[in-house]
1. Do the conditions hold for THR64, that is, is it at pLDDT 65 or above, farther than 30 Å from ALA10 by Cα and either touching a helix residue (DSSP H, G or I) at 6+ places or on another chain (Cβ under 6 Å) or assigned to a loop (DSSP other than H, G, I, E, B) (or both)?
2. The conditions are (1) touching a Phe, Trp or Tyr at 6+ places or on another chain (Cβ under 7 Å); (2) surrounded by fewer than 19 Cβ atoms within 10 Å (Cβ to Cβ), and SER109 fails exactly one of them. Which is it?
3. Looking at segment 20-61 only, could you name the residues that are at pLDDT below 90, open to solvent by 90 Å² or more (accessible area, probe 1.4 Å) and closer than 21 Å to VAL4 by Cβ?
4. Given the criteria surrounded by 13 or more Cβ atoms within 10 Å (Cβ to Cβ) and either among the acidic types (Asp, Glu) or touching a His at 6+ places or on another chain (Cβ under 6 Å) (or both), does GLU115 qualify?
5. Anything in segment 91-113 that is more than 17 Å from PHE151 (Cβ to Cβ), touching a helix residue (DSSP H, G or I) at 6+ places or on another chain (Cβ under 8 Å) and modelled with pLDDT under 95? List them, or say none.
6. When the residues of segment 121-147 are filtered to those that are touching a residue at least 12 places away in the same chain (Cβ under 8 Å), in a loop (DSSP other than H, G, I, E, B) and farther than 20 Å from ASN165 by Cβ, which remaining residue is least open to solvent (accessible area, probe 1.4 Å)?
7. Scan segment 63-82 residue by residue and report those that are free of Cβ contacts under 8 Å to residues at least 24 places away in the same chain and of a type in the set (Val, Ile, Thr).
Amino acid sequence: IDLVRLGEFAGVSVVHAEAVNIDRKSKLVELGNGQPPIPYDVLSIDIGCTPMTGGIEEKTSGITKVKPIDGFAARWDALLERVVKSDPKEPIQVVVVGGGAGGVELACSMQLRIENELKIIGKSTNHVSFSLVTRGDKILSSHNDEVQAAFARIMGERKIAIRFNCEVVSARNKEGGGGEILLYK
């Protein structure tokens, strides 16, 4: 996404700098580059979340990384094509790592899209299963109990298994193609 163009369209300023302090009372953002603080009415901050990838081989063919996001569309298309062209006799396990809002949304969206694409071409969806892996003991830990319960129910209805208190310790290519993710619980 071209944030500068988006900002111009929305009539807002886009500033690429490290925010070192936010004074909510005065509505000022202090920057780490020595510039004077920037006043704001509404503030949106990209926190630059970077996934932990220790143990994951960079060239693991069965692993589709979401980040960096600007290349995800092409990686998603390749994954979708691989699943759509797959042999229904060979099981496919789609695993999404991360129990936050992004991981839950991605798991639900992927499950629905893959299921719909397979149905369009008259293929069974029985050979494809979905899981969400989270280090925590619940999904959507920053949301209230009702939201957590609602999405746990939705994921159950969609047969998306949730693996709690698990951490990915490695991922590698699997003999015969695809990838293998090793979990630690």
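1. Answer is yes for this residue.
2. All conditions are met except number (1).
3. GLN35, ASP41, VAL42, SER44, ASP46, ILE47
4. Details: surrounded by 13 or more Cβ atoms within 10 Å (Cβ to Cβ): yes; either among the acidic types (Asp, Glu) or touching a His at 6+ places or on another chain (Cβ under 6 Å) (or both): yes.
Spelling it out, GLU115 is indeed surrounded by 13 or more Cβ atoms within 10 Å (Cβ to Cβ) and either among the acidic types (Asp, Glu) or touching a His at 6+ places or on another chain (Cβ under 6 Å) (or both).
5. Selection gives ILE92, VAL94.
6. Restricting attention to segment 121-147, the residues satisfying the condition of being touching a residue at least 12 places away in the same chain (Cβ under 8 Å) are 121, 123-124, 126-143.
Then keep just the ones that are in a loop (DSSP other than H, G, I, E, B); that gives 121, 123-124, 126-127, 134-143.
Right, trim to farther than 20 Å from ASN165 by Cβ and you get 121, 123-124, 126-127.
Working: ILE121: 93, LYS123: 49, SER124: 55, ASN126: 140, HIS127: 17 Å².
Selected residue: HIS127.
7. THR64, ILE69
The values are calculated or read from the model by the stated rules, or taken from the named source; none is laboratory data. None of these values were measured; they are calculated from a predicted model. In this analysis, Cβ positions are derived from the backbone assuming ideal geometry, glycine residues included, and neighbour counts consider all displayed protein chains. Keep in mind that these areas ignore ligands, DNA and RNA; they rest on the heavy atoms of the full protein, side chains included. Shrake-Rupley method; radii C 1.70, N 1.55, O 1.52, S 1.80 Å.
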